[in-house]
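Visitor: Please find one structure pasted underneath; my questions will follow.
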Amino acid sequence: MKPGAFEYRRATSIQEALSTLAVDGEDVRVLAGGQSLIPMMNMRMARPSLLVDIGAVAELDDLRVVDGMLRVGAMTRQATLEHSETAVAACPLAVAATTWIGHRQIRSRGTVGGTIAHADPAAELPTAAVALGAEMVIRSSDGERVCAAANFFEGFFGTAVQPSELLTEVRFPTWGRHAAFSEISRRHGDFAIIGVGAALDLGSDGRVRQAGIALAGVGPAPIKASAAEQLLVGRNPTDDAIREAALAAVDVATPTSDIHGSAAFRTHLVRVLTIDALARALASSPSQEVPA
């Protein structure tokens, strides 16, 4: 299939993109890597009258650690995040999640901001963002605001970004030194049926100081398993503690049945993958000292 007719504009600066968005309103879509938007347009699931291409906005391609946060510009390619030594040391969960995105060709074109703004409830980076309590930087012609991940994802493909606004940066906290992402899909590279992202910060006594757990594919947006996290904090992460946390994660999942599996099957996967993600996070070598 081919997309419907649309107008195309290529922005070369954030301000140019914002000026276009402010004038043209709700029938405009932003084109970053295009790995999700273009297929949706081809299937007529999205029919914008105008595409604003931000691929040439160099100031959105940035990755650095500032004030204890891994700051990733919206146009940073997923492959750049995946292979960045800075990202591996600062935020191993974001890197682990990225390795599950599609195939290498997809990650070489897809962007961090694109997958966050697309807000697929089964997507990996949004799940990692919710698990860690990331922040989204949103710009408009009137200024800048910061939105917590917990408030950013509003439902199926819905976010807090308004039609006149642009997601410019994602800020991932760097506290999760042990991390893993577990996922089940029909084939390698397919969309996840269920995914679980887990990050842990351990004290010198081996007890959990902080935990982050989020679920993909079991609701209209990534779900933070807060009760499961609290069950681990202050405890030694024994097998029993991990199993308790997994059961608490099941309690917040709201899966539905489809051609890929029943709600009961997905619920079972939440428990299994939560145990797997936490066990692999504990077994992982802690990331290096976070670079300045």
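Visitor: Give me the pairs: first residue in the stretch 1-21 and of a type in the set (Phe, Trp, Tyr), second residue open to solvent by less than 50 Å² (accessible area, probe 1.4 Å) and at pLDDT below 95, beta-carbon distance under 6 Å, and six or more apart or on different chains, which are they?
Guide: Phe6/Pro48; Phe6/Leu51; Tyr8/Leu51
Visitor: Within the stretch 163-213, how many residues turn out to be farther than 30 Å from Ile54 by Cα and in contact with a strand residue (DSSP E or B) (Cβ under 7 Å, 6 or more places away or on another chain)?
Guide: Qualifying residue count, the stretch 163-213: 24.
Visitor: Can you tell me which residue among Phe157, Phe191 is surrounded by fewer than 23 Cβ atoms within 10 Å (Cβ to Cβ), farther than 29 Å from Ser13 by Cβ and of a type in the set (Phe, Trp, Tyr)? Even if it seems obvious, please write down each step before you answer.
Guide: On the way: Phe157 fails: farther than 29 Å from Ser13 by Cβ.
Exactly one of Phe157, Phe191 is surrounded by fewer than 23 Cβ atoms within 10 Å (Cβ to Cβ), farther than 29 Å from Ser13 by Cβ and of a type in the set (Phe, Trp, Tyr), namely Phe191.
Visitor: Kindly indicate whether any position in the stretch 189-196 is assigned to a strand (DSSP E or B), closer than 25 Å to Glu85 by Cβ, out of contact with any His (no Cβ under 7 Å at 6 or more places or on another chain) and not small (Gly, Ala, Ser).
Guide: no
Visitor: Follow-up question, since we're still on this one. Report, by residue number, each residue of the stretch 122-150 that is among the β-branched types (Val, Ile, Thr) and in contact with a helix residue (DSSP H, G or I) (Cβ under 7 Å, 6 or more places away or on another chain). Before you say what the answer is, go through the steps one by one.
Guide: Going residue by residue through the stretch 122-150, those that are among the β-branched types (Val, Ile, Thr) are 127, 130, 137-138, 146.
Residues satisfying the conditions are Thr127, Val130.
The values are calculated or read from the model by the stated rules, or taken from the named source; none is laboratory data. The model shown is predicted, which means the values in this text are computed figures rather than measured ones. Here Cβ is always computed from backbone atoms with ideal geometry, including for glycine, and neighbour counts include all displayed protein chains. To get the accessible areas, we keep the full protein, side chains included, count just its heavy atoms, and leave off ligands, DNA and RNA. Shrake-Rupley method; radii C 1.70, N 1.55, O 1.52, S 1.80 Å.
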